1. Quick one: in the range 81-104, of everything that is at pLDDT below 90 and out of contact with any Leu (no Cβ under 8 Å at 6 or more places or on another chain), which residue is nearest to Ile44 (Cα to Cα)?
2. Within the range 37-67, restricting attention to residues that are touching a helix residue (DSSP H, G or I) at 6+ places or on another chain (Cβ under 6 Å) and aliphatic (A, V, I, L, M), which residue is surrounded by the fewest Cβ atoms within 10 Å (Cβ to Cβ)?
3. What tally of residues in the range 122-160 results from selecting those that are assigned to a strand (DSSP E or B) and either touching an Asp or Glu at 6+ places or on another chain (Cβ under 8 Å) or among the aliphatic types (A, V, I, L, M) (or both)?
4. Can you pull out the helices (runs of 4 or more DSSP H) entirely within the range 9-119 that have at least 1 residues that are touching a residue at least 12 places away in the same chain (Cβ under 8 Å) and among the polar types (S, T, N, Q)?
Amino acid sequence: MTQKIKDAAGKGKGFAGEFREFIMRGNVMDMAVGVIIGGAFQKIITSLVDDIIMPVIGLLTGGVDLNNKFIVLDGGTYETLEAAKEAGAATLNYGTFITVVINFILMALVIFCLVKFMNGMRNKVKKEEEQAPATTKICPKCKSEIHIDATRCPHCTSEV
């Protein structure tokens, strides 16, 4: 005999209720937002690589277009990768792979810089909180928290 999970009202949650509770947790929602923003951010990084970095690399390497660097596995010759794909030839697209690796490295670099910045800001706020002057102290008799200027504890009435 199976027993349903009961909530505070005594009603069974069932699978749908448990799933709804799981989805509505804050960390799941934060992760979903992160995935959506990450997908949009990936488009920015792809554009940076394809439209800015790769043309500069092509200029530095004498006009080499990495996207058209490939090996035809059946031994044929084609001018461009698109021509090889249209002919149905099997190709090893090492230039496209290099572009994707550059994409990944840039994405990792940007995420690293963002995390480093956020950690720096968190540490700065933490240091400011630590450096704030104390406004309370602990009563030596009853261990209650009392105002820093107090001369008598309001809880145990002992002199401090």
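The values are calculated or read from the model by the stated rules, or taken from the named source; none is laboratory data. Computed from a predicted model, the values in this text were never measured in an experiment. All Cβ positions, glycine included, derive from the backbone under ideal geometry; neighbour counts span all protein chains shown.
1. Taking the candidates together, the pick is Asn103.
2. The selected residue is Val64.
3. Final tally of qualifying residues: 5.
4. 26-47
Okay, residues lined up against (1) surrounded by 10 or more Cβ atoms within 10 Å (Cβ to Cβ); (2) modelled with pLDDT of 90 or more:
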residue	(1), (2)
Val115	yes, no
Lys126	yes, no
Glu129	no, no
Ala132	no, no
Lys137	yes, yes
Ile146	yes, yes
Thr151	no, yes
Pro154	yes, yes
